[in-house]
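Shown next, in structure tokens, is the structure this report addresses.
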Amino acid sequence: MDNSQFLILSIWVTVAGWLAIYVTPARFRGNVTGIFVFITAMLTSIPAIHVLTLNKIEFAISGISLIGNIPVRIDSLSAWFILIINLTSLTGVVYGLGYMKPYGDQKSNLTLHWIQYLLFHSSMLWVCMVQNSIVFLIVWELMSLSSLMLVIFDHQNSKTLKAGLNYLVQMHIGVAILTAAFIWVYLSTGSLDFAAIAQFFQTHSNIWLFLLFFIGFGIKAGFIPFHSWLPHAHPAAPSHISGVMSGVIVKVGIYGILRMITFLSTDYLILGELILGLSVLTGLYGIINSAIHRDFKKMLAYCTIENIGIVGIGLGLGLIGLGNGNNIMIILGFGGALLHTLNHSLFKSLLFFSAGSVYQQTHTRDMEKLGGLIHAMPQTAFLFLIGALAIGGLPPFNGFVSEFILYKGMLEGISSSNMYHVILIIISFAGLSIIGGLSILVFTKSFGTIFLGTQRTKLHSEPVEASLSMRLPQYLIIGIMLLIGIFPSFFFSYTSQIVITSFPGLENINSGSLTPFINNLSLVGIYATVFLVLIALVYFTRLLLNKKNLTQTSPTWGCGYVAPRASMQYTSKSYSKTLGKLLGFIVTEKKKYTELESSEIFPEERKHSAYYVDFFENRIIEKITNRLQYFMNLFQFIQNGSTQMYIIYGLFFIVIVFLGTLFNFI
């Protein structure tokens, strides 16, 4: 069986999976989904691995008269994203088996959920393979609709439905923009094949068509100001879906942007400058908003926006390298971006999974109601802490490696670019440094508030550790993260090879020019290994020395407070309040409270609440939608509920058609 047959078979496996889920007893449907996700992952990963090590795969699916032959191509870029999608989807479905157990009584809802999960997984894979404009848009739409159904699993909740509607509208705005871009290419070249996009770029200005594609894919990726679906959809979705969406669906948007970059012929510099500047702003905006939010899933959603900004910095550096003919900058920029797509899919799915474990046990996403969970959920606390260290870019974990590559790419750009680009890259360097620093603040606040201290409010039930099926995929993710941290040169060799094969002219690059950087990267892996060995030695030595000692537990000194209360602890808001005030022009705080009246001698008990709103959503999107709603309400009189008026509308339409036909207007 050749690679093309593996890929075609994966479609039939997905269809068979739907039927199997439907006929299987309710309690086994999640397990059946896991089996079919695994089979699909294997059938598509085998060709992807072959492509990464050998040559690309290309064939056509024939027999569709309306569209013609459908080209299917897997090059190294497609293969990289296919492997990321499969890995994250597998860990997501295993985690989901445990996470969805409390919903066992919702049999029909769960059946639809698992069927949609199979469709979601398969559609993401085929987005990376098909290269016919119409079929691509159909598969893209299937991906969006299936992910929508997964997001609104808790459809009885009005907030969840609102988040789903928000997601649906924004995804279809993106589809409309992508459709316009593909139509433009078709009208110019007469072809639906993706190869026609490269032909278009060779004979036309590249800027405007690329910007259309960038906006269409950028809505899915989450660049500002196209990001506003993320902070609503991620908290609303079940946590395994949040992890998969943050881990891979936003990366599908990155795949689309990268695919269009490989087709470009000119205008590299201006596009690189635009993407680099927008990406730095996206990263800063995401991490600043993450710092002030107290809903831990919304906080993680804004961290996704931040990391998309970091990936975008790599794309911008690579484009500037293409414009300046700097091969090292191209490889470090695009290679760092590709590696960060993998890294982010790992540590962000890990964080969403551990956050989901907390939510399952406490039934709240509000950090201010939590505290001291490290005692009841020590393994979940450990898993969240590892994810926090990785996303903060600290060694010996994978986040440090990809950010190190991007920093080296910026240093290469500073040493070889003109003054304008030097200033832009120095600002970007500073921006990435600030992003890293604020990320430490965000997760110090989050981990400390949720897991340390004492319980702030009484919960409905006593939390216990998450089930084994929910913890196992998280430990697997940590293992892969450590592999990247210990063997960074191995993983970078693949991403650099992807860049070299994706951009003509890099095949003949002098391998010696990358040797100093590869040596530095190898040292990073060696130091990471030494660090981990030292930690293990200290831990086991302490364990051995204290083995025979009597362990006593007693409260720490209370700083003079003999009866401390939970309310005396730092809160999530107090931790980041200063930052919120300092950046009040970006993060707007709104408060709900009733003012005291002058006549109230003995005021009644009042409740006070404060929350932050999204700058773009509050200042721009809501104003546009309010104006649009006002305009549409002007025509509300047409739909007045009067049967007589509806009959008149029908007669009027018949008269118009008759007159149009009579005078040859129709």
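The values are calculated or read from the model by the stated rules, or taken from the named source; none is laboratory data. Bear in mind that the values here come from a model prediction, so they are computed numbers and not experimental data. Cβ: placed from backbone, ideal geometry, glycine included. Neighbour counts: every protein chain shown.
Quick look at the numbers
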quantity: Any hit, region 5-19, residues being within 27 Å of Gln497 (Cβ to Cβ), in contact with a Pro (Cβ under 8 Å, 6 or more places away or on another chain) and surrounded by 12 or more Cβ atoms within 10 Å (Cβ to Cβ); calculated: yes
quantity: Identity of the residue in region 130-166, touching a strand residue (DSSP E or B) at 6+ places or on another chain (Cβ under 9 Å) and outside any helix (DSSP H, G or I), that ends up nearest to Gly104 (Cα to Cα); calculated: Val130
quantity: From Ile287, Ile249, Ile328, Ile313, residue being outside the structural domain of Lys369 (by TED's automatic domain parsing) and either aliphatic (A, V, I, L, M) or surrounded by 24 or more Cβ atoms within 10 Å (Cβ to Cβ) (or both); calculated: Ile249
quantity: Residues located in region 174-209, provided they are touching a strand residue (DSSP E or B) at 6+ places or on another chain (Cβ under 6 Å) and without any contact (Cβ under 8 Å) to a residue 60 or more places away in the chain; calculated: none
quantity: Of all residues making up region 501-541, the number that are surrounded by 14 or more Cβ atoms within 10 Å (Cβ to Cβ) and acidic (Asp, Glu); calculated: 0
quantity: Hey, Thr495 under 17 Å from Phe334 (Cβ atoms), assigned by TED's automatic domain parsing to the domain that holds Leu317 and at pLDDT below 95 or not; calculated: yes
quantity: Check on Ser576, part of a loop (DSSP other than H, G, I, E, B) and of a type in the set (Gly, Ala, Ser); calculated: no
quantity: Pairs with Cβ under 6 Å, 6+ apart, first in region 526-548 and closer than 17 Å to Leu482 by Cβ, second of a type outside the set (Lys, Arg) and surrounded by 10 or more Cβ atoms within 10 Å (Cβ to Cβ); calculated: Ala528/Pro395; Ala528/Pro396; Ala528/Gly485; Ala528/Ile486; Thr529/Ile486; Phe531/Pro396; Leu532/Pro396
quantity: Residue match in region 61-69 (condition: surrounded by fewer than 23 Cβ atoms within 10 Å (Cβ to Cβ), modelled with pLDDT of 90 or more and not polar (S, T, N, Q)); calculated: no
quantity: Scan of region 400-432 for residues that are over 20 Å from Tyr268 (Cα atoms) and either in contact (Cβ under 8 Å) with a residue 24 or more places away in the chain or not assigned by TED's automatic domain parsing to the domain that holds Thr529 (or both), ordered by number; calculated: Phe400, Val401, Ser402, Glu403, Phe404, Ile405, Tyr407, Lys408, Gly431, Leu432
quantity: Filter result for the condition that a residue is assigned to a helix (DSSP H, G or I), surrounded by fewer than 24 Cβ atoms within 10 Å (Cβ to Cβ) and in contact with a helix residue (DSSP H, G or I) (Cβ under 7 Å, 6 or more places away or on another chain), over Leu125, Leu118, Leu110, Leu87; calculated: Leu110
quantity: Residue count, region 30-77 (criterion: touching a strand residue (DSSP E or B) at 6+ places or on another chain (Cβ under 8 Å) and either aromatic (Phe, Trp, Tyr) or in a helix (DSSP H, G or I) (or both)); calculated: 5
quantity: Residue in region 438-452 that is part of a loop (DSSP other than H, G, I, E, B), at pLDDT below 95 and farther than 16 Å from Glu403 by Cα present; calculated: yes
quantity: Some residue of region 190-203 being surrounded by fewer than 22 Cβ atoms within 10 Å (Cβ to Cβ), within 15 Å of the chain's Cα centre (by Cα) and either aliphatic (A, V, I, L, M) or closer than 26 Å to Glu306 by Cβ (or both); calculated: no
quantity: Only listed residue being in a loop (DSSP other than H, G, I, E, B) and either assigned by TED's automatic domain parsing to the domain that holds Thr282 or of a type in the set (A, V, I, L, M) (or both), chosen from Ile656, Ile601, Ile621, Ile647; calculated: Ile601
quantity: Number of the condition not met by Asp105 [criteria: (1) under 19 Å from Ser122 (Cβ atoms); (2) surrounded by fewer than 17 Cβ atoms within 10 Å (Cβ to Cβ); (3) not hydrophobic (A, V, I, L, M, F, W, C)]; calculated: (1)
quantity: Residue list for region 484-504, restricted to those being more than 28 Å from Phe263 (Cα to Cα) and in contact (Cβ under 8 Å) with a residue 40 or more places away in the chain; calculated: Ile484, Gly485, Ile486, Pro488
quantity: Helices (runs of 4 or more DSSP H) contained in region 346-425 and holding at least 2 residues more than 30 Å from Arg456 (Cα to Cα) and β-branched (Val, Ile, Thr); calculated: 398-416
quantity: Failed item, numbered, when Thr364 is tested on (1) more than 19 Å from the chain's Cα centre (by Cα); (2) surrounded by 20 or more Cβ atoms within 10 Å (Cβ to Cβ); calculated: (2)
quantity: Residue check, His375 over 30 Å from Met329 (Cα atoms), free of Cβ contacts under 8 Å to residues at least 12 places away in the same chain and not polar (S, T, N, Q); calculated: yes
quantity: Exclusive hit being within 14 Å of Val358 (Cβ to Cβ) and β-branched (Val, Ile, Thr), set Ile450, Ile477; calculated: Ile450
quantity: Options Ile484, Ile500; residue that is closer than 29 Å to Gly92 by Cα, in contact with a Leu (Cβ under 9 Å, 6 or more places away or on another chain), in a helix (DSSP H, G or I) and among the aliphatic types (A, V, I, L, M); calculated: Ile484
quantity: Members of region 15-29 found to be part of a helix (DSSP H, G or I) and either without any contact (Cβ under 8 Å) to a residue 24 or more places away in the chain or under 24 Å from the mean Cα position of the chain (by Cα) (or both), listed by number; calculated: Val15, Ala16, Leu19, Ala20, Val23, Phe28
quantity: Where Leu43 falls short, out of the listed (1) among the hydrophobic types (A, V, I, L, M, F, W, C); (2) within 28 Å of Ile152 (Cβ to Cβ); (3) crowded, with 22+ Cβ neighbours inside 10 Å; calculated: (2)
quantity: Some residue of region 342-358 being of a type in the set (Val, Ile, Thr), under 23 Å from Val530 (Cα atoms) and crowded, with 24+ Cβ neighbours inside 10 Å; calculated: no
